[in-house]
Amino acid sequence: MKVLVTGTAGFIGFHLAKRLVERGDEVVGIDCINDYYDVNLKYSRLKIAGIEKDQIEYGKPIVSKTSPNYSFIKLNLEDKGLNSIFKQFKFDRVCNLAAQAGVRYSMENPFVYAQSNIVGFLNILEACRDNQIEHLVYASSSSVYGLNETMPFSTSHNVDHPISLYAASKKSNELMAHTYSYLYGIPTTGLRFFTVYGPWGRPDMALFLFTKAILEGKPIDVFNDGNMQRDFTYIDDIVEGVVRVIDDVPIGNPNWSGAKPDPSSSVAPYQIYNIGNCSPVKLMDFIKSIEESLGKKTQMNLMPLQPGDVPATWANVDNLWEKLNFKPNTAISEGISRFVVWYKQYYGVR
């Protein structure tokens, strides 16, 4: 199978492309390699995939030195040249993970989110329509649940009250995908990821920030006075879920009713899944687990809840289990331990 994976210099995209290549798929990766966080980490991921920094030219496909079934192209999603890449490679399926990430950054630089997450996604949809793509899988986010307080968060819940532009852009992606599924019959599946963590993770995420600060003997900022819960989901579980979804092309739900509409499906070939660990962890327990893995204690600066943030997340993955026989299960202590081992190795910490 020939698969396009966007965002392959990113955290999830890097791991997903690796997994697909290992199982024998032909993978083309796209990433713009923006500077939202340290680009050296992105280039290091690409190097693991056999792509050297000095090879990269904008718009030019590069074949991996270590995996002949993997090619990489530096490109912005909103670039109109995207359609010509679809025509050149004739993809069977597409997994769109590229996006401008970050809840708080969306308040500082909102126009970047409009370009990457809205215009870029529209470009993906149009390319899928023009090139008869069998299945488009795309990253949504647990952030879409916004002001919803009913726990655990279910794909059957209403998500019309986002509290950040990032969340609104992801909700928009789900609406746009449904429109293309309905009008043009393109099978689409949206994945609401819940706080992904693990080796090669993003430096703006709590696990990375806390680990770095504790190792450097600096205090950590703990928001909402520590009264937070997150459904932390280990990267290997996320990738397993994504691969199963790529292989499972949705069809219209014959039982769907416009009188009582189920937000997670449709008469069109459209599906939404949560991918989360189904086991929220208290922030203080999360910090304690990091301390135990590092063998060091930390000082905490207790802070108020940040604008755009929510105090708790918790994923209901019933439909993921029922349809794909899968639910994440990596324990937080195990996942943190693996991250710490990677972090120390990557940054040369003794």
Tally, over region 33-58, of residues that are more than 15 Å from Leu97 (Cβ to Cβ) and assigned to a helix (DSSP H, G or I): 10
Condition check for Ser106: in a strand (DSSP E or B) and crowded, with 21+ Cβ neighbours inside 10 Å: no
Where a residue in region 246-269 is within 27 Å of Gly13 (Cβ to Cβ) and its partner, wherever it lies, is among the charged types (D, E, K, R) and open to solvent by 50 Å² or more (accessible area, probe 1.4 Å), with Cβ under 8 Å and at least six apart: Asp248/Lys323; Val249/Glu134
Residue in region 42-63 that is farthest from Ala206 (Cα to Cα), counting only those that are in contact (Cβ under 8 Å) with a residue 24 or more places away in the chain and crowded, with 19+ Cβ neighbours inside 10 Å: Ala49
Residue that is modelled with the highest pLDDT, among those in region 225-239 that are open to solvent by 20 Å² or more (accessible area, probe 1.4 Å) and acidic (Asp, Glu): Asp236
Unmet criterion (only one of (1) over 23 Å from Phe14 (Cα atoms); (2) open to solvent by 30 Å² or more (accessible area, probe 1.4 Å)) for Glu134: (1)
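Each row is one residue, and each column tells you yes or no for (1) open to solvent by 40 Å² or more (accessible area, probe 1.4 Å); (2) of a type outside the set (Gly, Ala, Ser); (3) under 22 Å from Asp309 (Cα atoms).
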site	(1), (2), (3)
Pro203	no, yes, yes
Leu209	yes, yes, yes
Ala213	no, no, yes
Glu216	yes, yes, no
Pro219	yes, yes, yes
Phe223	yes, yes, yes
Residue count for region 62-77, restricted to those that are part of a strand (DSSP E or B) and not charged (D, E, K, R): 6
Single residue of region 138-169 satisfying the filter (more than 25 Å from Ile30 (Cβ to Cβ) and aliphatic (A, V, I, L, M)) that is most open to solvent (accessible area, probe 1.4 Å): Leu147
Subset of region 8-27 that is buried (at least 24 other Cβ atoms within 10 Å of the Cβ) and not in a helix (DSSP H, G or I) - its residue that is farthest from the chain's Cα centre (by Cα): Val27
Per-region count, region 78-93, residues assigned to a loop (DSSP other than H, G, I, E, B) and over 26 Å from Val112 (Cα atoms): 3
Residue in region 149-166 that is polar (S, T, N, Q), in contact with a helix residue (DSSP H, G or I) (Cβ under 6 Å, 6 or more places away or on another chain) and modelled with pLDDT under 95 present: yes
Count of residues meeting criterion [of a type in the set (S, T, N, Q) and open to solvent by less than 20 Å² (accessible area, probe 1.4 Å)] in region 320-350: 1
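Let's see how each residue does on (1) assigned to a loop (DSSP other than H, G, I, E, B); (2) in contact with a helix residue (DSSP H, G or I) (Cβ under 7 Å, 6 or more places away or on another chain):
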residue: Pro254; (1), (2): yes, no
residue: Pro261; (1), (2): yes, no
residue: Ser265; (1), (2): yes, no
residue: Gln271; (1), (2): no, no
residue: Asn274; (1), (2): no, yes
residue: Ser289; (1), (2): no, yes
residue: Thr298; (1), (2): yes, yes
residue: Pro307; (1), (2): yes, yes
Filter result for Thr66 (within 23 Å of Ile235 (Cβ to Cβ) and open to solvent by less than 10 Å² (accessible area, probe 1.4 Å)): no
Only listed residue being touching a residue at least 40 places away in the same chain (Cβ under 8 Å) and crowded, with 22+ Cβ neighbours inside 10 Å, chosen from Gly198, Gly185: Gly198
Conditions (1) touching a helix residue (DSSP H, G or I) at 6+ places or on another chain (Cβ under 8 Å); (2) buried (at least 18 other Cβ atoms within 10 Å of the Cβ); (3) not polar (S, T, N, Q); number of the one not met by Asp248: (2)
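The values are calculated or read from the model by the stated rules, or taken from the named source; none is laboratory data. Please read all numbers here as calculations on a predicted model, not as lab measurements. Counting neighbours? That spans all protein chains shown, and the Cβs are built from the backbone with ideal geometry, glycine included. Just the protein is used for accessible areas: all its heavy atoms, side chains included, with ligands, DNA and RNA removed. Shrake-Rupley method; radii C 1.70, N 1.55, O 1.52, S 1.80 Å.
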